[in-house]
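*Asks:* So that we are looking at the same thing, I have put the structure below in structure tokens.
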Amino acid sequence: MSELIRDHGISKLLSLFLLIFTVSILVILTSVPSQIFQREMETEVKSLSSLINENQWLDLTLQVKNIYTNNYINNGVQEAIEDALLPKGNYKVKEIVEKFKGDFILERVVNNIHILSYQMVYRVSMMKYWIWVMLPLFIALIYDGYMIRKIRMYEPRQISIKGSRIWTRSIVYMLVFTFCYLLMPNFLGQKAPWYPVVMLMLTALACRNTISNYMKVA
């Protein structure tokens, strides 16, 4: 784990997250048509029903709706964004925007902010759901990695340092991919609900292999 901290410092990781966030926001808000963005989001939500039963799907979508409504709409965030980017009065900003034919872009940005906010609430809620469901798998793989580590402590052969570093660094890459997942539009179609499941399984496997190889490299 020392390799993980040394090679990927907290400041570097946060800088990478900030860069990904800034670039993604600029691209998504300005270049993705709102109708396509919303349609793909609806496809992702509906496709989740193929992985879980109907009652669980209804509970999850209702939970997402309540969180979005209470924290985004009722708290005035939605209205504040619309007032800031789509001024209703005869403001200088509005005159400049209309002069350069940018009113359509601003409407797209506002609509995409609303959709992106719902997407992030939905995907965070879905990640929490799958983490809870897959918690026994995490515990089992971590325990398995710990037992393998104890066995290997008595083995004369050495584990590849390069292989161990790959598994250790993969945890950081999983964090980056998960952060990107929260922001990027649905590009997987009806297979989108499988993404967090696969990522969590790979993360659990990476944790197992990191633990099993830790003492042989330290």
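The values are calculated or read from the model by the stated rules, or taken from the named source; none is laboratory data. The structure displayed is predicted, hence computed values, not measured ones. In this analysis, Cβ positions are derived from the backbone assuming ideal geometry, glycine residues included, and neighbour counts consider all displayed protein chains. The area values use the complete protein model at the heavy-atom level, side chains included, leaving out ligands, DNA and RNA. Shrake-Rupley method; radii C 1.70, N 1.55, O 1.52, S 1.80 Å.
*Asks:* Take F37, F187, F138, F177 and sort them by solvent-accessible surface of the protein heavy atoms, 1.4 Å probe, largest at the top.
*Replies:* Values: F37 5, F187 150, F138 35, F177 105 Å².
Of F37, F187, F138, F177, the descending order of accessible area is F187, F177, F138, F37.
*Asks:* Grab the beta carbon distance between Q35 and W194, set R0 = 35 Å, and tell me the FRET efficiency rounded to 0.05. Display every interim value, and only then the final one.
*Replies:* Values: r = 25 Å, r/R0 = 0.71.
Calculated value: 0.90.
*Asks:* Skip the ligands, DNA and RNA, and give the accessible area per residue of segment 167-218 with a 1.4 Å probe, whole Å². Don't jump to the answer; show the numbers that get you there.
*Replies:* Working: 2500 Å² over 52 residues.
Result: 48 Å² of accessible area for each residue.
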